Amino acid sequence: MSIVVQKFGGTSVADAERIRRAARTAVQAKRAGQQVVMVVSARGKKTDELVGLASEITDQPRPREMDMLLSTGEQESVALMAMAVHELGEEAISLTGAQIGVRTDGSHTKARIISISTQRMKDALDAGQIVIAAGFQGVDEDFNITTLGRGGSDTTAAALAAALDAELCEIYTDVEGVFTTDPRVVACATKVERVSYDEMLELASLGAGVMHSRSIEFAKKYRVNLRVKPSFADGPGTLISSEPANPAPMVTGLAFVRSEARVSLIGIPDQPGVMSRIFSLLSENRIPVDMVVQNVGVAGTANVSFTVAEDDLKKTLAVAATATHDLGGTVQHNPNLSKLSVVGHGMQTHTGVAAQMFRVLSDRSVNISIVTTSEIKISVLIDHKLCDLAVNAVHEGFQLSQELDQTPHVGVPSEVSRRMTRKDTSELEADIVSRLSGMEEIVVSDVYSDTDQARVTITQLHDHPGVAAEVFSAVADGGVLVDMIIQNVALDGKANISFTVPPTDVARTIEALRMPLLKHGESQVSCDERIGKISVVGIGLRSHTDVGARMFHALGDGGINVQMVNTSEIKVSIVVAADQTAVALKALQKSFNLTPNADN
Ligand code: ADP
Ligand code: ASP
Ligand code: MG
């Protein structure tokens, strides 16, 4: 019998009527012949209320007690849900994280799942019961209750679906699916029919609150098909699976984080080991770093910028002070920023997506302070006061409120594909046990190099709205497909932008830039065809604080100087000198225990 996991978020179980409605959904699936595992969140604003209560007692609740407190919200919901199912005439059993056997590490309030034992759930399912699992919680090895971080019930659901090899994991929520952006901010946002894991990983980690980003890590790692569906209406929702929509839109969605803080280390030595020192310090202090930007160094010094959550700013500034004390350089910071990102598979094959985004922002006089990109996303940092204006403008600029292509997709995996490849039970169990060990460990799946890239750097640009738009419109008009874009924070009113292009396009790029740069008196263009780009690809690279530290440590030990850095949730890319590429590649493969590939 196939298993379906159905997760109900807080608003979907806010009161008795909604609990009954969710129970009916589960009972319907059971009566249609499926085994059903429900994952339930705390009711309505319960978790916020509990956080508020704690803050009335103390400013610094101990994390262990916070977890003990917060986990009660879900415990209440599962018991009520079981009663509702009983009332509908079906058998159901409510289980806490400990009773299910969700083992986590001991990092209270942000624990990571280590393993899940499926026996008790399977026995209950085989006995005809609906299993009602408390989301968001687990226990560490000493049976202390832990929680997975706010919004973590999605992660419980995806993890249970992976552990049980469920056919589908349905996420019932208060919207009709995944939208082109948060419908609370852009009223005309459109629901999308399907998004790929990579797009959703980027969107969720870049601020789209509809899914906990770690749930997508699970889904991608264990190939769980997720469907985000409305609780209060009928509708197909949005499928999150390995394939993007077909054809892939240039921009599938737009995500934003309202408050980010930028910290820049200015004038640090441009030499091997420096990034390693900085990232080791950040990792030792468990500070999750978000955007990391390093543009090419000038006169032996480099500038590196990164963003952190505003709550971590104080700790980060202390780390930055230690780093510059040891290495030299100065620290700059700005707490009042928002990050805006566009995500879409289609931008891999279309020129001018960056140019269009920058143009829309400049038309609204929004200045861009930092830019990072991956193949499928472009992120910019802007003044936080302009966040809503910018989100609406970019959404409109990419015409995301128009009806998207709703035609059925041919030849893409459907929800039944997992079932068709199902193995017999004993083989499957052995397989699951092995693949689930250390469920949330970092997965770096590949490290590869690309020496078929050239770098173009423009220095001394005026720092005002519209400059990035002019540069990239000109390059796109020249028909050049830009790969990596990096813009670090402007200094003394002057901005520097670097990007990579195919070496055969360098001459064309320089020609295309000639006219627009006439306005920028002292600006200079330089290029370097002797570079190598190395990409570390995986899942959840930014949410694991030690990926950067490990990378830069390996490179520093190998005496390799990092010229440029660019990050995303699924990829960290660095640029090094061409003649150091092979050594850098080997060092990184070794550091992430990957066997070198014969092609490299
Ligand atoms: P739940 O309690 O069901 O887990 P959440 O509040 O965590 O629900 O997530 C649903 C909310 O996410 C929506 O109400 C919506 O405002 C917000 N949201 C943010 N970005 C998006 C997006 N791209 N698509 C849909 N909803 C989004
Ligand atoms: N109740 C928890 C929260 O509000 C977990 C969740 O809803 O996913 O964050
Ligand atoms: Mg949620």
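Examine the range 102-112 for a residue that is under 23 Å from Ser12 (Cβ atoms) and surrounded by fewer than 24 Cβ atoms within 10 Å (Cβ to Cβ), and state whether such a residue exists.
Looking only at the range 102-112, we keep the residues that are under 23 Å from Ser12 (Cβ atoms), and these are 102.
Filter once more, keeping what is surrounded by fewer than 24 Cβ atoms within 10 Å (Cβ to Cβ): none.
No - not one qualifying residue is present in the range 102-112.
Within the range 120-137, can one find any residue that is in contact with a strand residue (DSSP E or B) (Cβ under 8 Å, 6 or more places away or on another chain) and more than 26 Å from Ala32 (Cα to Cα)?
Yes, there is a match, as at least one residue in the range 120-137 is in contact with a strand residue (DSSP E or B) (Cβ under 8 Å, 6 or more places away or on another chain) and more than 26 Å from Ala32 (Cα to Cα).
Looking only at residues that are surrounded by 21 or more Cβ atoms within 10 Å (Cβ to Cβ) and over 16 Å from Lys7 (Cβ atoms) in the range 218-241, which one is farthest from ligand 1 (Cβ to nearest atom)?
Lys221
When the range 38-73 is examined, which residues are found to be in contact with a strand residue (DSSP E or B) (Cβ under 8 Å, 6 or more places away or on another chain), within 16 Å of ligand 1 (Cβ to nearest atom) and closer than 19 Å to Thr146 by Cα?
Val39, Val40, Ser41, Leu70
May I ask you to say which residue of Ala219, Ala208, Ala187 is more than 14 Å from ligand 3 (Cβ to nearest atom), of a type outside the set (Asp, Glu) and assigned to a loop (DSSP other than H, G, I, E, B)?
Within the list Ala219, Ala208, Ala187, the selection yields Ala187.
Please verify whether Ser231 is within 16 Å of ligand 2 (Cβ to nearest atom) and over 29 Å from Thr104 (Cα atoms), treating the condition exactly as stated.
For Ser231, the condition - within 16 Å of ligand 2 (Cβ to nearest atom) and over 29 Å from Thr104 (Cα atoms) - is met.
Looking only at the range 179-194, decide whether some residue is open to solvent by less than 30 Å² (accessible area, probe 1.4 Å), over 17 Å from Lys377 (Cα atoms), among the polar types (S, T, N, Q) and within 8 Å of ligand 1 (Cβ to nearest atom).
no
How many residues does the range 155-184 hold that are under 20 Å from the mean Cα position of the chain (by Cα), within 14 Å of ligand 3 (Cβ to nearest atom) and assigned to a loop (DSSP other than H, G, I, E, B)?
Residues that pass the stated criteria total 3.
What are the residues in the range 86-120 that are in contact with a Ser or Thr (Cβ under 8 Å, 6 or more places away or on another chain) and touching a residue at least 60 places away in the same chain (Cβ under 8 Å), if any?
Once the filter is applied, which keeps residues that are in contact with a Ser or Thr (Cβ under 8 Å, 6 or more places away or on another chain) and touching a residue at least 60 places away in the same chain (Cβ under 8 Å), the range 86-120 yields Ile100, Arg112, Ile113, Ile114, Ser115.
Do we find a residue being in contact with a Phe, Trp or Tyr (Cβ under 7 Å, 6 or more places away or on another chain), within 16 Å of ligand 2 (Cβ to nearest atom), open to solvent by less than 20 Å² (accessible area, probe 1.4 Å) and among the hydrophobic types (A, V, I, L, M, F, W, C) anywhere in the range 155-163?
yes
In the range 136-147, what count of residues is obtained for those that are more than 8 Å from ligand 2 (Cβ to nearest atom) and part of a loop (DSSP other than H, G, I, E, B)?
Qualifying residue count for the region: 5.
Can you tell me which residue in the range 313-332 is farthest from the chain's Cα centre (by Cα), limited to those that are farther than 22 Å from Ala490 by Cβ and either among the hydroxyl-bearing types (Ser, Thr, Tyr) or open to solvent by less than 30 Å² (accessible area, probe 1.4 Å) (or both)?
Going through the qualifying residues, I end up with Thr322.
Cβ contacts < 8 Å: first residue on the phi > 0 side of the Ramachandran plot, restricted to the range 137-161; second residue open to solvent by 10 Å² or more (accessible area, probe 1.4 Å) and more than 12 Å from ligand 2 (Cβ to nearest atom), any location; separation 6+ or different chain. Result?
Phe143/Ala98
The values are calculated or read from the model by the stated rules, or taken from the named source; none is laboratory data. All of these numbers come straight from a predicted model, not from anything done at the bench. So basically every Cβ, Gly included, is an ideal-geometry build from the backbone, and we count neighbours across all protein chains shown. For accessibility, only protein heavy atoms count, side chains too; no ligands or nucleic acids. Shrake-Rupley method; radii C 1.70, N 1.55, O 1.52, S 1.80 Å.
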